[in-house]
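Below: one structure, written as structure tokens.
No value in this document is a laboratory result; all are computed from the given coordinates. This is a predicted model, so every value here is computed, not measured. Neighbour counts run over all protein chains shown; Cβ positions are idealised from the backbone, glycine included.
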Amino acid sequence: MSAPPPVPPPPVPRHIAIIMDGNGRWAARHGLPRAAGHREGVQAVRRTIEAAIGHGVEWLTLFAFSSENWRRPVEEVTDLTFLLRHYLRSELRELAEAGVRLHIIGERDRFGSSLKAELADAEARTAANRKLNLVIALSYGARAEIATAARRIAEAAMAGTLDPTTVDETIFAAHLSTAGMPDPDLVIRTSGEQRLSNFLLWQAAYAELVFDDALWPDFGAANLGRAIAEYARRERRFGARPGPADAPPDGEGP
Ligand code: IPE
Ligand code: IPE
Ligand code: MG
């Protein structure tokens, strides 16, 4: 009797991006100030990074603060930047030991010079790590990112260093803050909201979307596992027809 054919492992997304939403509602439900929700959200970040490494995910992008979140009251913005600084200081060594390489995307110039220096230092200190690429999106907005890319391309064309007739999707993507990173395969949003809120609009063109009702501070390994299992059940077609990739074409165009 011949051995049964090996069952391929379920596909794990190479790049997972998460819109971590619901900290404020979590705090309200527990009768706590919003800052407590954000603090608890940091615990969920820890759990999620560990679980992602366990699944062999190569890239994990976390939406921590949007360009539009500057519209929040100054006390909340201060709480969030304080937490970020605290997170970097307390976790960097552990992240580095776990083989995590940190990347920051977003308008980092909007932060003060000392936080900017800490972000650059964290990236430099983890630059040789290869286990998990952790991308933190800070003051990130996809429309601003796309407009900036367009401006840079226009400037390069004006300066004569880029031939505008060569600009295609690959060249455009190389001018985004995510240049060199793979596109996300799976985008997860927590808290039951079903929108992208200006997150990775270019990069997520063909991402699978999973919405989880959990509020971000309640998110953990089980939620990530369910999202990955849901991803494994999806059929990604990228505009082509379902079925075997080598199906013969019908003919020469319409
Ligand atoms: C997500 O939680 C964290 C950030 C946007 C910084 P929220 O603060 O948006 O929480 P809700 O949506 O008000 O519950
Ligand atoms: C999206 O959440 C931004 C982050 C998770 C950092 P928001 O709470 O800011 O999004 P909206 O305002 O509900 O769309
Ligand atoms: Mg929210």
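Overview of values
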| quantity | calculated |
| --- | --- |
| Farthest positive-ward along the range 21-122 dipole, Cα basis, beta-carbon charges - from LEU84, GLY37, ALA98 | GLY37 |
| Packing rank of 105-112, 22-29, 134-141, where each peptide gets the mean count of other beta carbons within 10 Å, highest leading | 134-141, 22-29, 105-112 |
| The range 15-233, dipole about Cα centre (Lys/Arg Cβ +1, Asp/Glu Cβ -1), debye to the nearest 20 | 480 debye |
| Expected 222 nm ellipticity per residue - DSSP helices of 4 or more, -39500 (n - 2.57), all of the chain, to 500 | -13000 deg cm²/dmol |
| For the range 135-193 and the range 86-129, distance of Cα centres in Å | 21 Å |
| Per residue convex hull volume, Cα atoms of the chain, in Å³ | 194 Å³ |
| P(r), alpha carbons of the range 167-240 - 5 Å bins starting at zero, rounded % | 3, 13, 21, 21, 19, 12, 7, 3, 0 |
| Positive dipole terminus of the chain, leading residue within ASN223, GLY24, GLY141 (C-beta point charges) | GLY24 |
